[in-house]
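Each remark here refers to the structure printed beneath this line.
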Amino acid sequence: LSWNVSYPEQAVHFQLLIRDLHFGLLFGMSDRGEFENADLAVLWSDGHNSYFGDAWSDAKGQLHMDPQQDYQLLGARRAPEGLYLLFRRAFSTCDPKDYLIEDGTVHLIYGILEKPVHSLHAINISAIHRGLQRVQLLKPNITVPELPSDMKTMEITAPDIVIPSQETTYWCYMTELPDDFPKHHIIMPVITAGNEALVHHMEVFQCAAEFDSFPRYNGPCDSKMKPDRLNHCRHVLAAWAMGAQAFYYPEEAGLAFGGPGSSRYLRLEIHYHNPLVFEGRHDSSGIRLYYTATLRLYDAGIMELGLVYTPVMAIPPGEDAFLLTGYCTDKCTQLALPAAGIRIFASQLHTHLAGRKVVTVLSRDGRERQVVNADGHYSPHFQEIRMLKEVVAVFPGDELITTCTYNTEDRSRATVGGFGILEEMCVNYVHYYPQTQLELCKSAVDPGYLHRYFNLVNRFNDEEVCTCPKVSIPQQFYSVPWNTFNRDVLKSLYGFAPISMHCNKSSAVRFPGEWEKQPLPIITKRLREPVPHCPPAPGPRPATPVPLNLGELRR
């Protein structure tokens, strides 16, 4: 598959190359990659005649010809390498059976027809070879910058470790830059070869400059043997998550490391997801840094927005779309950002397995001003660093509000916030310039108000929820009987209770000030939901398939 995006036409031109054509194929889009309720372009043959048409599948997977034919066939030709199909699709068609192509993740699906079929209705999608590919169709029109001639590389990798035979492991490895390593700019981080199937995400942190030295360490991040000083290595130099490709910094900025006032010590942190509990797997995964001594105009920074990794933020089981919101408040940005503000140019959204949507909105003076980044079809298996279509300016006193939507319909107990793969996160790593001391701007509900919630549940339910201090917060959530009342009260709590703000420097120390029991930001005006643009149809296209002379096209 290859494609071109025309923003003036608000349309995508697709080109499919089928190397070994049998009796046709299905290609299309759906909410999360399922073949039910999908929007499809179908090429099929009865062995004599061949057809192309716009179709949709119902909740049972039965195919139907769409009355409004919005996949427009532009051409089909045979070549030595196979059959090329070229067709066009508008972003928005205002057809209720069509998928709305938006800026975020798109789940593309395909199926191969290996036997002739006499009609569209005769296609049994459960019996065909099929697949899924996640992409961002609507990438911004930004050219890849030319890499400098003095570019060098440095690999920061795990030293052939044995991945523990457990589902979730965070592994920490300490390394250091060469002595007297001068200031450079990182211009492109890339993952190195390793056990990508078991690596969920990884980060390279630089340690706090106020410490002269850091102990060596190579082991689990939650081990009692890990030196406490490693907790002061929180300045992100590079990050990778499942599905991410190479990321290029813009020509005007690079991520600084080395030189005076910068620590030589780095911490590689790898999150291994080993659900089948493999034993004896060795790994040397890591990140390759491309860097230059030719410094750019701005030092770039990476800032974490969203929710603190804490179990006080939880999602009840059986939820179709439960929202949790993390705040970067005006009080924090007023204190930590320069008067001229910062410019966000890229963003990487992150949740664990229950995440379905993520959005960060910029608010100023109580009014939502613009969306920083949004993904309405987010997948935890496809977490790219995405360049923004336009740079977002953030000034002192602004608020950055990140909301994640979760689905826990397949879970029987509460999902709490935390590091485990079956726990949850809500994070937006924003890439910006010029760099500031603000490394993390996140929140969580005030623990005292959560304790009141558990007491309330005790009073109004026959089943007792243990709220004694010796019982952990996850255990208290697991003991809640999740009736409608308890669900609604938890939602209400998260919507009004004060928050604990983490307005942190890269040393993991908060900026001076009072950060507990902070009021939620008050939003007086919301952004309007975008209204899909319905282009005028280029002419009547009846709900009949386009006949093709595929006999000549097939080998």
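Label-to-label distance for HIS381 and VAL144 is 2.6 nm, based on points extended 7 Å past Cα in the beta-carbon direction.
Compactness of region 299-532 is given as radius of gyration and Dmax, 17.8, 58 Å, from Cα positions. In a fully extended conformation the segment linking ASP228 and GLN68 would gain 51.3 nm over its present Cα-Cα distance, using 0.36 nm per residue.
Of all DSSP-defined beta bridges confined to region 317-436, some 95% are antiparallel rather than parallel. Ranked from largest, the principal axis spans of the Cα set of region 1-99 equal 38, 36, 24 Å.
Anisotropy class assigned to region 143-296 is oblate, per the alpha carbon gyration tensor with a/c at or over the 1.5 cut-off and a/b no larger than b/c.
About its Cα centre, what dipole magnitude does region 180-229 give when the only charges are +1 on Lys and Arg Cβ and -1 on Asp and Glu Cβ, stated in debye to the nearest 20? Could you put the intermediate results ahead of the total?
Numbers: 5 positive and 7 negative charges, 22 e Å.
Taking the Cα centre of region 180-229 as origin, the dipole is about 100 debye.
Region 284-315 and region 52-92 have their alpha-carbon centroids 40 Å apart.
Multiply the residue separation of HIS13 and GLN370 by 0.36 nm, subtract the distance between their alpha-carbon atoms, and state the gained length in nm to one decimal. Before the final figure, lay out each step's value.
Numbers: separation 357, 0.36 × 357 = 128.52 nm, distance 2.87 nm.
Result: 125.7 nm gained on full extension.
Using the Cβ-Cβ distance between SER472 and LEU323 with R0 set to 35 Å, the FRET efficiency works out to roughly 0.90. The charge dipole of the chain, taken about its Cα centre with unit charges on the Cβ atoms of Lys, Arg (+1), Asp and Glu (-1) only, comes to about 320 debye. Taking 7 Å steps out from each Cα toward its Cβ at PHE395 and SER6 produces label points 3.9 nm apart. If R0 equals 60 Å, the separation of the Cβ atoms of GLU176 and ASN461 corresponds to a calculated FRET efficiency of about 0.65.
Take the alpha carbon gyration tensor of region 372-454, find the square roots of its eigenvalues, order them as a ≥ b ≥ c, and report rounded if a/c is under 1.5; if not, report prolate when a/b exceeds b/c, else oblate. Could the numbers behind the result be given before it?
On the way: a/c = 2.45, a/b = 1.40, b/c = 1.75.
Oblate, since a/c reaches 1.5 and b/c is not below a/b.
For the set LYS442, LYS389, solvent exposure ranked by accessible area (probe 1.4 Å, protein chains only) runs largest to smallest as LYS389, LYS442. If you count only protein heavy atoms and use a 1.4 Å probe, how large is the accessible surface of LEU548, to the nearest 10 Å²? We get 40 Å² for LEU548. Per-atom-type breakdown for the chain gives carbon and sulfur 51% of the accessible area (1.4 Å probe, protein chains only).
From a point 7 Å beyond the Cα of GLU114 in the direction of its Cβ, which residues of region 23-38 have a backbone N at a distance under 12 Å? Residues passing the 12 Å test: 23.
If you sort the three axes of the alpha carbon gyration tensor as a ≥ b ≥ c, you get a/c of 1.5 or more for region 278-356 and a/b no higher than b/c, which makes it oblate. Write down the percent of antiparallel bridges among all DSSP beta bridges whose residues are both part of the chain, to the nearest 5. For the chain, the DSSP antiparallel bridge percentage is about 95. Subtracting the Cα-Cα distance of ALA246 and ARG78 from their residue separation scaled by 0.36 nm leaves 57.1 nm. Projecting the Cα atoms of LEU527, ALA122, ALA444 onto the charge dipole of the chain, computed from C-beta unit charges around the Cα centre, puts LEU527 farthest toward the positive end.
Annotation: the chain has a Kirkwood hydrodynamic radius of 25.9 angstrom, from the mean reciprocal C-alpha pair distance. Ranking HIS350, HIS232, HIS121 by solvent-accessible area of protein heavy atoms (1.4 Å probe, all protein chains present), from largest to smallest, gives HIS121, HIS232, HIS350. For VAL531, the solvent-accessible surface computed with a 1.4 Å probe is close to 130 Å², ligands and nucleic acids excluded.
Any idea of the accessible area per residue across region 2-138, 1.4 Å probe, to the nearest Å²? Walk me through the numbers before you get to the answer.
On the way: 5970 Å² over 137 residues.
For region 2-138, the solvent-accessible area averages 44 Å² per residue.
With a Förster radius of 60 Å applied to the C-beta separation of GLN334 and ALA122, the computed FRET efficiency comes to 0.40. When only the Cβ of Lys, Arg, Asp and Glu is charged (+1, +1, -1, -1), the dipole of region 143-296 relative to its Cα centre reaches about 200 debye.
The values are calculated or read from the model by the stated rules, or taken from the named source; none is laboratory data. Remember, it's a predicted structure, so these values are computed and weren't measured experimentally. All Cβ positions, even for glycine, are placed from backbone atoms using ideal geometry, and neighbour counts span all protein chains on display. Surface accessibility is based on the protein's heavy atoms, side chains included, excluding ligands, DNA and RNA. Shrake-Rupley method; radii C 1.70, N 1.55, O 1.52, S 1.80 Å.
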